[in-house]
Amino acid sequence: MKMKKGNLKGLVLSLKPYYLIMLVCAVILILDAVVKIGIQYGLQKVMDNAVSKKSDIFVKYLCFSIILTVIGMFTAYFSKYLSEKFCKSFNYDVQNKLVSHLQELPLHILERYSNGDLVSRINNDLQILVQFLNGILQFVSNAVLMLLASAYMIYVSPKLFLVTFILMPVSTVIYNKINKPVQSHSKKLMENASNINDILQEVINGIYILKAFKLEILFMKKYEQVSNNIKIKRLKIDKISSWLTPIFLIVRLAPQLIYVTYGGYLAIHKEMSIGSLFVFSTLVVYVLGPIENILNFVDNMRQSVPALKRIFEIMDLEAEENNESDIKIDVNSTAIEFKEAAFSYDGENNVFENISFEVPKVSYTALVGSSGIGKSTILKLICGFYNLSGGKIKIFGKAIENVNIKSVRKLITYMSQESYLYPVTISENIAMGKENASLEEIINAAKLANAHEFIEKLPNGYDTILGEGGGGLSGGQCQRIALARMIIKDAPIILLDEPTAALDAKAEAALTQTLESVTKHKAVIVVAHKLSTIKNASNIIVFNKEGIVETGTHEKLIKNGGVYEELYKAGFTV
C-alpha cells in the first residue's frame, strides 16, 4: 500500500518538534545494542579465563562486564523513558490538534462523518500511528543489535552460525503453520466480540424504545447467541492450544538442543571455547528477537498507512473561513437582514431561494410554515453553520462573509427543543454562556429561568453532575438550564428552534412566559408550530415551497385568510 506524498509530508512536518528527542533516543538505543554485545563479549572472556584459571584476566573482564551492565541499566532506562516521552507527547499534541481542528470545521463537512468514525480516528488510528513511530526507533535498535550479534556469532563459530540459521527459519515456518488454526479462531473471536459490543451499545442507546416496545427478550436472545458463539470459539482455542503446547515446545526447543549439541561437539574438538558456547545462546536471542520485531514492524507499517491517511484526511479539511475583522454593531441598522438568499445542502437542489426579510434590533419574529421548507435552516445560516448558495445575510449591517464568524456568534444565542447539556455540573453548564461567570451571576440567571428552585432541591445543588445529555433531569428542567445559559450570555440576537415542542402544556406555558420576559429587548427569531409560542410575535413570516408568502401579526394574517389561517385552523400541527 502506497503512502500519499501529502500524508507523508504532513507526518514529517508534525514530527519536526520531536527531531531532537528522536535523534537522542535513536543514539541511546544504538548504544544500548552495543553495550549488550559488549557484555556478552565480557562474559565469554570471564568463562574462558575461569576455565583456564587465569585469575587476573578473569577479574579484569569481570569488572569490564559489571561496568557495561551498569551502563546498560542507564541506556535501557533512558531509551525507554525518551521513547515513551516522545510517543506520549506526540500523541497528546496531535490529539489536541485534531480535536481543535474538528471544532473549526464547517458543519456541512462534519456531517459527512459519523461520530463513531471521528472518535475512532482520534483514538484508535492515532494509537496505531504512534506505535508505528515508536517502531521506527525500535527498528534502528533491532537492526543494529541483529547485525552486531550476527557478526559476533560468525566470529565465534561460522559453522555453528550456519547450522543455527538453517534450523531456526525451518522451526519458525513449522510453528506458524501449526499456529494458523489458533489465529483463525482468534480472528473470528474478535469479530464476535465486536458484534457483542454493537448489541450492548444498541441496548444502552435505545433503552427507552427497548422498554417501551418490550424488546428485552429479543435483545437478550441476540446477546446470548453471540455470547454463546464467543464461548464456543474460546473453548475451541483453548482445546487447540492445549494440544499444540507440547508440539510448540518440541518445535522451539529442538533447534536449540541441536545447536547446543553441535556446539558441544565443536567445543570438545577445540573449535570453539566454552565461553563462546555459553554466550552463543544469548546471541541467538539477540538475532531472532530483532527479526521477529522487524517483521512485526513491517506488519504494523501496513496498518499505519491507512491510519495515517485517515488522520490527515481530517487534518487536511479546510476550517471555516474567518475574516480577520470582528463585527461591530451598527446602532442604526437592523439586527438581521436576508437579501435574495438561496441555499442548497447538496449544491444542486435549493431548499429555498430568493428569501428576503428583516429583523429589527428589538423584535419578536416567528417563522411559520410546513415541515421541510427550511425554517430551522435559516437559523443555522444566521449562525454561519452553512454558506448561502446565493444572496446575502447581514448581521447589524455587515455581511457575515466579510467578518469573523466567531465574533458574529458572540452576538447570538441559539436554543433548540433538544438543548444539549454536558456531563459536568449544573453551574458549569450555565456558565458556558459567559466566560468567567461568577456564582452570583449563575444563580441570578437560574432564577430568571425559574430553574433555581429545583436546582436547590438536588442533592448537590449547583454542583450536581449531570448525566450525558442532561440525564437525571426532566425535559422541562433541561430546557430551563439551557434558558439560564442563554440568559447569562445576554446576546442581542436570540434564535429559538421549537424550544417548547417537547414540553407538556404546563411546562410550555411557564417556559413561554419566561422567554417573553427575558427577550423583551432582543432581536428574537422563533421557529414553532404552536400558537402559544408565536401569537404575540411582532412579525410572523409564513413560508411555503415557493418561499415567503405572507408577513404580519397574528391578527392581520388571520384577517387575510391565507396560508397562515389554514395553519391556524389545523392547530399548527404540521
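Residue-level check: of (1) open to solvent by less than 30 Å² (accessible area, probe 1.4 Å); (2) modelled with pLDDT of 90 or more, GLU358 misses just (1). Per the listing VAL279, VAL260, the residue uniquely among the hydrophobic types (A, V, I, L, M, F, W, C) and open to solvent by 70 Å² or more (accessible area, probe 1.4 Å) is VAL260. Within region 339-365, being of a type in the set (Phe, Trp, Tyr) and in a strand (DSSP E or B) holds for PHE343, PHE352, PHE357, TYR364.
When you look at ILE268, is it among the hydrophobic types (A, V, I, L, M, F, W, C), open to solvent by 80 Å² or more (accessible area, probe 1.4 Å), over 45 Å from the mean Cα position of the chain (by Cα) and under 26 Å from VAL34 (Cβ atoms), yes or no? Lay out the reasoning, then the answer.
Working: among the hydrophobic types (A, V, I, L, M, F, W, C): yes; open to solvent by 80 Å² or more (accessible area, probe 1.4 Å): yes; over 45 Å from the mean Cα position of the chain (by Cα): yes; under 26 Å from VAL34 (Cβ atoms): no.
When the stated conditions are applied, ILE268 does not pass them.
Number of residues in region 526-562 that are part of a loop (DSSP other than H, G, I, E, B), open to solvent by 30 Å² or more (accessible area, probe 1.4 Å), at pLDDT below 85 and among the small types (Gly, Ala, Ser): the value is 1. Taking the criterion of being within 20 Å of GLU546 (Cα to Cα) and at pLDDT below 85, the residues of region 369-410 that qualify are GLY369, SER370, SER371, GLY372, ILE373, GLY374.
Going by what's in this entry, would VAL51 be described as in contact with a helix residue (DSSP H, G or I) (Cβ under 7 Å, 6 or more places away or on another chain) and open to solvent by 60 Å² or more (accessible area, probe 1.4 Å)?
On the way: in contact with a helix residue (DSSP H, G or I) (Cβ under 7 Å, 6 or more places away or on another chain): yes; open to solvent by 60 Å² or more (accessible area, probe 1.4 Å): yes.
Yes.
With the structure loaded, tell me whether LEU317 is more than 30 Å from VAL518 (Cβ to Cβ) and open to solvent by 40 Å² or more (accessible area, probe 1.4 Å) or whether it fails that test.
Details: more than 30 Å from VAL518 (Cβ to Cβ): yes; open to solvent by 40 Å² or more (accessible area, probe 1.4 Å): no.
So LEU317 fails the test.
Within region 164-178, identify whether any single residue is open to solvent by less than 40 Å² (accessible area, probe 1.4 Å) and modelled with pLDDT of 65 or more, and answer yes or no. Yes, there is a match, as at least one residue in region 164-178 is open to solvent by less than 40 Å² (accessible area, probe 1.4 Å) and modelled with pLDDT of 65 or more. Within region 526-550, residues that are free of Cβ contacts under 8 Å to residues at least 24 places away in the same chain reach partners that are of a type in the set (Ser, Thr, Tyr) with beta carbons closer than 9 Å, at six or more positions or on different chains, in the pairs VAL549/TYR564; GLU550/TYR564. Whenever a residue of region 45-58 is under 19 Å from ALA267 (Cα atoms), its partners that are of a type in the set (Val, Ile, Thr) and surrounded by 14 or more Cβ atoms within 10 Å (Cβ to Cβ), lying with C-beta atoms within less than 8 angstrom and at least six residues away or across chains, give the pairs LYS45/ILE57; MET47/ILE274; MET47/VAL279; ASP48/ILE274; ASN49/ILE57; VAL51/ILE274.
Matching residues to (1) open to solvent by less than 70 Å² (accessible area, probe 1.4 Å); (2) touching a Ser or Thr at 6+ places or on another chain (Cβ under 8 Å):
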{"site": "TYR113", "(1), (2)": "yes, no"}
{"site": "ARG121", "(1), (2)": "yes, no"}
{"site": "ASN124", "(1), (2)": "no, no"}
{"site": "LEU137", "(1), (2)": "yes, yes"}
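Does region 392-403 contain at least one residue that is over 25 Å from ASN332 (Cα atoms) and hydrophobic (A, V, I, L, M, F, W, C)?
First, the residues of region 392-403 that are over 25 Å from ASN332 (Cα atoms): none.
Scanning region 392-403, I find no residue that is over 25 Å from ASN332 (Cα atoms) and hydrophobic (A, V, I, L, M, F, W, C), so the answer is no.
Is there any pair with a first residue in region 76-91 that is touching a residue at least 12 places away in the same chain (Cβ under 8 Å) and a second that is in a helix (DSSP H, G or I) and open to solvent by 50 Å² or more (accessible area, probe 1.4 Å) whose Cβ atoms are under 6 Å apart and which are 6 or more apart or on different chains, and what are they? Taking only residues 6 or more apart or on different chains, not a single pair turns up.
Across region 117-163, what is the number of residues that are of a type outside the set (D, E, K, R) and closer than 30 Å to LYS309 by Cβ? If you could, list the steps in order and put the result at the bottom.
Kept after step one, since they are of a type outside the set (D, E, K, R), are these residues of region 117-163: 118-120, 122-124, 126-158, 160-163.
Narrowing the set further to residues that are closer than 30 Å to LYS309 by Cβ leaves 118-120, 122-124, 126-143.
Within region 117-163, residues that are of a type outside the set (D, E, K, R) and closer than 30 Å to LYS309 by Cβ number 24.
The sole residue among ILE57, ILE71, ILE67, ILE39 that is farther than 30 Å from LEU126 by Cβ and open to solvent by less than 40 Å² (accessible area, probe 1.4 Å) is ILE39.
Evaluation of LYS16 against the conditions (1) in contact with a Lys or Arg (Cβ under 8 Å, 6 or more places away or on another chain); (2) open to solvent by 80 Å² or more (accessible area, probe 1.4 Å) shows that the sole unmet condition is (1). Among residues of region 94-110 that are more than 20 Å from GLU401 (Cβ to Cβ), none has a Cβ under 7 angstrom from a residue that is open to solvent by 50 Å² or more (accessible area, probe 1.4 Å) and basic (Lys, Arg) at a sequence gap of 6+ or on a separate chain. Of all the listed residues (LYS97, LYS45), the sole one being modelled with pLDDT of 85 or more, more than 29 Å from LEU15 (Cβ to Cβ) and of a type in the set (Lys, Arg) is LYS45.
Tell me whether region 299-311 contains one or more residues that are open to solvent by 40 Å² or more (accessible area, probe 1.4 Å) and part of a loop (DSSP other than H, G, I, E, B). I'd like the intermediate steps shown before the answer.
Of region 299-311, the ones open to solvent by 40 Å² or more (accessible area, probe 1.4 Å) are 299-303, 306, 309-310.
Remaining after also requiring part of a loop (DSSP other than H, G, I, E, B): none.
Looking through region 299-311, none of the residues is open to solvent by 40 Å² or more (accessible area, probe 1.4 Å) and part of a loop (DSSP other than H, G, I, E, B).
Considering region 392-429, the residues that are aliphatic (A, V, I, L, M) and within 21 Å of ALA482 (Cβ to Cβ) include one that is most open to solvent (accessible area, probe 1.4 Å), namely VAL424.
Checked against (1) open to solvent by 80 Å² or more (accessible area, probe 1.4 Å); (2) within 30 Å of PRO306 (Cα to Cα), PHE86 passes all but a single condition, namely (1).
The values are calculated or read from the model by the stated rules, or taken from the named source; none is laboratory data. All figures in this text were calculated on a predicted structure; none of them were measured in a lab. All Cβ positions, glycine included, derive from the backbone under ideal geometry; neighbour counts span all protein chains shown. Accessible surface is based on the protein model in full, side chains and every heavy atom, while ligands, DNA and RNA are left aside. Shrake-Rupley method; radii C 1.70, N 1.55, O 1.52, S 1.80 Å.
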